Amino acid sequence: MAATATDFPFDLRQLDFALFEWLRLGDRLGQAPYDELSRDVVQLVLEEAHKAIGGYVAPANLDADRIGARFERGAVTLPESMKQAWNAFREGGWHQLGVAPEYGGQGFPHSITTAVDEMVMAACPSFVFYPLLSRDSGRMIDAFGTPAQKEAFASRLFDAEWCGTMCLTEPGAGSDVGASTTRAERRDDGTYQISGSKCFITAADHDLTSNIIHLVLARTADAPPGTKGLSLFIVPKRWVDLEGGEDGQDNDVCVDGIESKMGIHGSATCSVTFGREGRCRGYLLGGEELRGIAQMFQMMNDARLDVGTSGAAAAGASYRAALDYAKSRIQGVRFEEMNKPNAEKVAIVEHPDVRRMLLMMKSAHAALQSIVLWTADRKDRAHTAASDEERAEFDEDVDLMTPILKAHCTEVGFEMASTGINVLGGYGYCRDYPLEQHCRDAKIGTIYEGTNHIQALDLIGRKLLMKGGRPFERFLARAESASASAKACGEPSLETAAIELSRSVEALREARTLFAQALGEGRLALIPLSANRFLEMMGAVACGWALLEQAVLAVRRLESLEENEADPAFYAGRVSVARFHAAHVLPTVASSLEVIRAGDLCPVEADLAIF
């Protein structure tokens with residue numbers, strides 16, 4: 001039986017609050033380029049997305065996990081329910097929600113497509129990257145391709161007629177992309193002969209589409225070493241002539257196998273050999289060599305934001321599953337009545353520690369979803385900016401937040417899935433309930449698209465320093481503004497939260513100073529040893545200011561509610577999650593500063609013989 005929206009719970013009210021009351025998306029609808037959109041239209045689209053995703057994506061999740069992708073006789077097949085979900089997803093046009101109208105899309109703001117992406121990720125984490133990779137590949141070719149390449153590939157990728165991949169990782173190189181050895185040799189017809197192997201390539205083979213378009217990093221003849229020597233190539237699984245279209249000829253792209261993974265079993269993670277028989281051809285993206293890394297960064301950053309969204313989705317799905325169980329599981333008595341032999345048995349949601357875990361999960365999801373949507377909204381604002389200066393500022397905000405979203409959201413998302421297992425106790429560890437799958441599926445987010453340590457090094461080594469540190473200062477200023485607003489809103493319970501946020505901002509400033517001092521003194525190892533810790537500090541502060549801004553809005557809304565309005569519990573919840581985050585999460589920012597200040601270098605000073 002197909003699932004319904006009630007079978008797939010998702011908090012549309014929280015989403016509506018974040019988009020329209022906090023981010024004020026409605027102020028920009030009805031104006032170019034969103035002339036035909038209104039709050040009512042967007043709300044209807046989100047409601048229909050919820051029903052559709054609950055109807056055909058969520059039911060595929062169990063098969064995605066239990067059956068998964070299968071590799072037989074050199075080809076990958078997916079469960080029938082995943083193929084049905086793919087076809088229904090395409091027929092509903094959900095893959096084209098944010099695609100530009102010139103490519104047949106609906107041109108919705110990035111914030112709305114991100115909201116729908118979160119729904120899909122919560123419904124079936126294995127499914128979502130097939131349509132996302134198609135969309136992101138289309139964007140790459142649209143941004144950098146020649147007119148002929150755009151005509152031949154972009155529209156079919158945007159329409160999900162074909163699926164795309166990004167091929168960076170090699171068996172001997174891992175995260176060291178500059179060590180890539182895949183070769184590209186120019187042919188007389190202007191194409192390139194591709195040879196080499198890639199691994200951990202998501203969606204590199206499956207039976208959803210008639211063709212798969214690989215974007216492959218490779219090294220041309222006489223190219224310099226490292227990342228500067230890489231170029232990017234469009235390599236179809238089946239050959240596509242730029243003038244004649246797909247001709248169906250096998251292009252010597254060989255799948256060697258798929259990984260047997262901890263989770264996301266329905267997402268085919270492949271090892272691929274290009275040119276085993278010397279017949280693999282590709283087109284140089286844009287027709288210019290040695291631009292591969294600069295081009296690929298667009299898709300990599302899109303993917304990192306997608307992965308950050310998946311962390312928020314994991315936290316939300318885990319919270320909703322844990323809450324449902326906690327409300328229905330009758331066990332024990334109320335804490336106050338534990339010494340009464342005949343006390344009434346109650347649902348475990350009544351127990352203090354279960355409530356603590358549930359509020360932790362609720363707060364975490366609200367925070368992660370908020371910073372994901374805030375970043376998506378900055379992309380929208382950059383798209384509609386009135387000046388180059390304004391556009392640059394929004395783009396810088398997105399650049400700064402990208403490693404934070406990718407790393408912080410995935411770390412917290414995995415932690416919340418684990419916490420959800422604890423809510424259920426022993427049943428949480430069993431397949432009878434979804435939490436154990438949520439936990440397995442969520443872990444990959446901390447690893448792929450650049451491990452979270454790589455994100456942390458990027459944050460400290462590049463993002464803090466870019467544009468003279470102005471984006472970082474704007475980040476701190478937003479947190480300080482949120483703190484000031486909370487202190488002035490008249491709600492005593494938020495004053496302590498505001499003080500804690502201010503304290504955390506000062507901790508970030510001091511940590512930055514400590515890093516500069518360590519560099520000046522030659523204690524270089526402090527940077528990689530502290531990078532992950534610092535990123536988590538920034539993630540906690542970002543979540544803190546987002547939740548505190550929303551809490552202030554909620555306080556004002558509570559003051560103006562009419563007696564017959566049904567939302568007081570929702571707005572009171574906004575205050576509660578902000579208080580919880582400030583009391584239980586933000587204090588870790590100051591304690592992390594103490595670790596950085598101590599400057600312990602034991603991991604690198606210890607003799608290797610001890611390991």
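Here are the numbers for this structure:
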| item | result |
| --- | --- |
| Computed helical MRE - 222 nm, the chain, DSSP H runs ≥ 4 contributing -39500 (n - 2.57), nearest 500 | -17000 deg cm²/dmol |
| Ordering of 114-121, 340-347, 488-495, 227-234 by packing [mean C-beta count within 10 Å, highest first] | 114-121, 227-234, 488-495, 340-347 |
| Prolate/oblate/rounded call for the range 189-256, Cα gyration tensor, a/c under 1.5 rounded | oblate |
| Heavy-atom surface of the range 377-446, accessible at 1.4 Å and reported per residue (Å²) | 40 |
| Apportionment of accessible area to carbon and sulfur, the range 98-172, percent (1.4 Å) | 49 |
| Degrees, to the nearest 10: 39-52 long Cα axis against longest axis of the chain | 70 |
| 24 Å Cα-Cα reach of residue 406 towards lysines, excluding residues that sit fewer than 8 places from it in its own chain | 198, 261, 362, 379, 443, 463, 467 |
| Ranked packing of 472-480, 512-520, 78-86, 263-271, most packed first, by mean Cβ within 10 Å | 263-271, 78-86, 472-480, 512-520 |
| The range 140-193: C-alpha gyration tensor shape, a/c 1.5 cut-off, then a/b vs b/c | oblate |
| FRET efficiency estimate (nearest 0.05) - Cβ-Cβ, residue 344 to residue 181, R0 60 angstrom | 0.30 |
| Kirkwood-based shape ratio for the range 545-611, expressed as Rg/Rh from alpha carbons | 1.40 |
| Gain upon complete extension [residue 383, residue 210; 0.36 nm per residue less C-alpha separation] | 59.0 nm |
| Rounded to whole Å, sorted largest first: equivalent-ellipsoid semi-axes of the range 441-532, Cα gyration tensor | 29, 19, 12 |
| Relative packing of peptides 67-73, 364-370, 384-390 - highest average C-beta neighbours within 10 Å first | 364-370, 67-73, 384-390 |
| Of every Cα-Cα pair in the range 39-193, the percent that sits beyond 26 Å | 39 |
| Protein accessible area in the range 452-586, 1.4 Å probe - carbon and sulfur % | 53 |
| Per residue accessible area of the range 202-295, 1.4 Å probe, in Å² | 37 |
| Calculated log₁₀ intensity ratio I(q)/I(0) where the Debye formula runs over C-alpha points of the range 304-443, q = 0.09, 0.19, 0.22 Å⁻¹ | -0.37, -0.97, -1.15 |
| Reachable lysines from residue 51, criterion Cα separation under 19 angstrom, eight or more residues apart if same chain | 83 |
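The values are calculated or read from the model by the stated rules, or taken from the named source; none is laboratory data. Small disclaimer: the values here were computed from a predicted structure and weren't measured. Note: ideal-geometry Cβ built from the backbone for every residue, glycine included; neighbour counts use all protein chains shown. Just the protein is used for accessible areas: all its heavy atoms, side chains included, with ligands, DNA and RNA removed. Shrake-Rupley method; radii C 1.70, N 1.55, O 1.52, S 1.80 Å.
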